[in-house]
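The values are calculated or read from the model by the stated rules, or taken from the named source; none is laboratory data. The model shown is predicted, which means the values in this text are computed figures rather than measured ones. Every residue, glycine as well, gets a Cβ built from its backbone with ideal geometry; the counts of neighbours run over all protein chains shown.
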Amino acid sequence: MSTLTIFNSAPAETVAARHQESRPIPAVLGADLEVPVKGGRLVTYANLDYAASAPCLEPVNAAVTAALPAYSSVHRGAGYASQLTTARYEQARHTVRAFVGARAEDAVIFTRNTTDATNLLARCLPEGTTAVVFDTEHHASLLPWQRSVRLAPPAFPGAAVRAADEALAGIDGPKLLVVTAASNVTGELWPIAALAHIAHRHGARILVDAAQLVPHRRLNLTALDLDYVVFSGHKLYAPFGAGALIGRRDWLSDGEPYLKGGGAVRSVADEAEWHDDAEPRHEAGTPNVLGAIALAAACDALSATGWSPLVREEERLIARLRAGLAGIDGVHELSLWGPDHPRVGIVSFVVDGHSAREVAEALSNEYGIGVRDGKFCAHPFVRHLLGTKDGGCEDDTASAVRASIGIGTTEEHVDRLIGALRDLVGR
């Protein structure tokens with residue numbers, strides 16, 4: 001299988017889709033935020049922490065603002081505001097389904113975030129299901145499973161496919177392969193198409209954590225033959241507390257309701273009669289309607305812009321950042337599969353002689369730059385990456401700095417980070 005086949009997130013775009021790409025890239029709120037730095041000056045904030053939470057797109061803010069005057073509870077109200085809000089909520093479900101290229105029959109369940117969505121699916125697995133998961137995963141994918149087989153970080157993409165193949169072949173009963181689409185530590189793209197093929201060959205299903213992919217690349221669930229996809233709005237320029245689980249209905253419709261309460265039941269007498277449909281079954285109580293509207297607005301905004309201009313700008317900026325880091329003695333980029341492997345706009349690195357926290361605090365306090373430091377809720381993976389550098393690391397202190405970019409990132413932000421690191425290394 002070629003690299004193009006393994007790593008492309010969707011088939012080639014149509015002529016009509018390419019025609020859309022003349023639309024401008026939407027702006028983000030907070031682009032002019034000023035923050036204090038050492039000496040009492042104010043500087044424009046250089047937000048390089050998109051992988052943690054992305055800022056709000058202006059069209060997302062506009063959609064939420066437009067929905068607020070008629071905001072009401074959904075599904076059970078006869079009043080106009082309730083009917084209008086219900087229509088907006090259900091339209092958001094259709095928008096999200098189309099955004100990820102899901103099948104018409106797939107369920108779209110709104111959740112709080114990726115972690116919530118993954119735990120929801122974990123609660124719905126058939127009895128005796130074994131999850132196969134790599135130690136490179138975010139904790140949200142690593143921890144929720146009652147039965148699991150954990151695989152060591154693979155040395156190259158083909159080794160990931162081979163390890164999954166061998167693990168799934170040795171498991172009887174229901175099985176689920178769990179894998180990220182893009183690493184939240186290194187940004188590297190995983191061979192999800194090849195892994196989906198292997199999973200299905202062994203009668204398993206695949207869950208893809210797309211939290212770090214969908215803000216950066218188009219995803220087509222149907223073309224990639226994925227069973228389940230999860231992601232968060234707050235990483236997709238819609239920071240209003242919503243996420244989504246999209247995928248096959250049967251496990252979700254048969255599983256125990258994630259929350260038990262109003263909306264999840266058809267009727268209550270001596271016992272509750274739960275909804276058979278996956279969405280109401282797992283969305284008890286009043287849902288985060290504004291979060292769902294925001295999530296859908298972000299999907300619409302990115303789709304209307306077209307992916308090619310977004311990807312071109314990101315690749316230009318991330319290449320500039322990585323080249324700048326490579327030119328600083330004592331700064332080391334972390335990578336599982338080498339510097340040439342395809343990735344999204346995430347770079348993690350360490351600085352000789354400085355802890356990750358020292359670097360992050362200096363960048364913030366002296367230069368007005370926001371980055372992330374730590375193990376990024378991927379402790380086994382970060383320990384692996386740091387443990388293979390120069391012979392090892394102290395387990396309790398091993399951490400790195402992560403810079404991540406997106407819509408709203410500028411050349412000045414990138415150059416400011418590179419210049420600040422040169423200053424720090426030279427002290």
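Of the residues making up segment 383-403, none is modelled with pLDDT of 90 or more, surrounded by fewer than 19 Cβ atoms within 10 Å (Cβ to Cβ) and under 29 Å from E58 (Cα atoms). Annotation note: of A304, A296, the sole residue that is in contact (Cβ under 8 Å) with a residue 12 or more places away in the chain and buried (at least 16 other Cβ atoms within 10 Å of the Cβ) is A296. Just a yes or no: is a residue in segment 47-64 without any contact (Cβ under 8 Å) to a residue 24 or more places away in the chain and out of contact with any helix residue (DSSP H, G or I) (no Cβ under 8 Å at 6 or more places or on another chain)? For segment 47-64, residues without any contact (Cβ under 8 Å) to a residue 24 or more places away in the chain and out of contact with any helix residue (DSSP H, G or I) (no Cβ under 8 Å at 6 or more places or on another chain): absent. Taking every residue in segment 355-369 that is in a loop (DSSP other than H, G, I, E, B) and pairing it with any residue that is among the polar types (S, T, N, Q), at least 6 positions away or on another chain, the pairs with Cβ-Cβ distances below 8 Å are S355/T397; S355/S399; G368/T44.
Would you say T180 is β-branched (V, I, T), within 22 Å of A122 (Cα to Cα) and surrounded by 16 or more Cβ atoms within 10 Å (Cβ to Cβ)? Walk me through it before giving the result.
Working: β-branched (V, I, T): yes; within 22 Å of A122 (Cα to Cα): yes; surrounded by 16 or more Cβ atoms within 10 Å (Cβ to Cβ): yes.
It is true that T180 is β-branched (V, I, T), within 22 Å of A122 (Cα to Cα) and surrounded by 16 or more Cβ atoms within 10 Å (Cβ to Cβ).
Among the residues of segment 149-187, those that are closer than 18 Å to H384 by Cβ, in contact with a helix residue (DSSP H, G or I) (Cβ under 9 Å, 6 or more places away or on another chain) and assigned to a strand (DSSP E or B) comprise V149, R150, L151, V178, V179, T180. Does V43 meet the test of being outside the structural domain of A238 (by TED's automatic domain parsing), under 22 Å from L321 (Cα atoms) and touching a Cys at 6+ places or on another chain (Cβ under 8 Å)? Criteria not met by V43.
Against the definition (buried (at least 17 other Cβ atoms within 10 Å of the Cβ), assigned to a loop (DSSP other than H, G, I, E, B) and in contact with a strand residue (DSSP E or B) (Cβ under 8 Å, 6 or more places away or on another chain)), how does S335 come out, yes or no?
Details: buried (at least 17 other Cβ atoms within 10 Å of the Cβ): yes; assigned to a loop (DSSP other than H, G, I, E, B): yes; in contact with a strand residue (DSSP E or B) (Cβ under 8 Å, 6 or more places away or on another chain): yes.
When the stated conditions are applied, S335 passes them.
In segment 128-145, of all residues being more than 23 Å from the chain's Cα centre (by Cα) and in a loop (DSSP other than H, G, I, E, B), the one that is nearest to H379 (Cα to Cα) corresponds to T129. Test R23 against the stated conditions and say whether it is touching a residue at least 60 places away in the same chain (Cβ under 8 Å) and either assigned by TED's automatic domain parsing to the domain that holds G261 or of a type in the set (D, E, K, R) (or both). Against the criterion (touching a residue at least 60 places away in the same chain (Cβ under 8 Å) and either assigned by TED's automatic domain parsing to the domain that holds G261 or of a type in the set (D, E, K, R) (or both)), R23 qualifies. Residues in segment 195-216 that are without any contact (Cβ under 8 Å) to a residue 60 or more places away in the chain and charged (D, E, K, R): R201, R205. Does any residue of segment 62-69 turn out to be part of a strand (DSSP E or B) and more than 30 Å from E411 (Cβ to Cβ)? Within segment 62-69, not a single residue is part of a strand (DSSP E or B) and more than 30 Å from E411 (Cβ to Cβ). Return yes or no: is T95 part of a helix (DSSP H, G or I), of a type in the set (S, T, N, Q) and farther than 30 Å from V347 by Cα? Yes: the conditions hold for T95.
Being modelled with pLDDT under 95, crowded, with 17+ Cβ neighbours inside 10 Å and closer than 12 Å to F110 by Cβ narrows it down to one of H282, H275, so name that one. Quick ask: steps written out before the conclusion?
Details: H275 fails: closer than 12 Å to F110 by Cβ.
After ruling out the rest, the residue left standing is H282.
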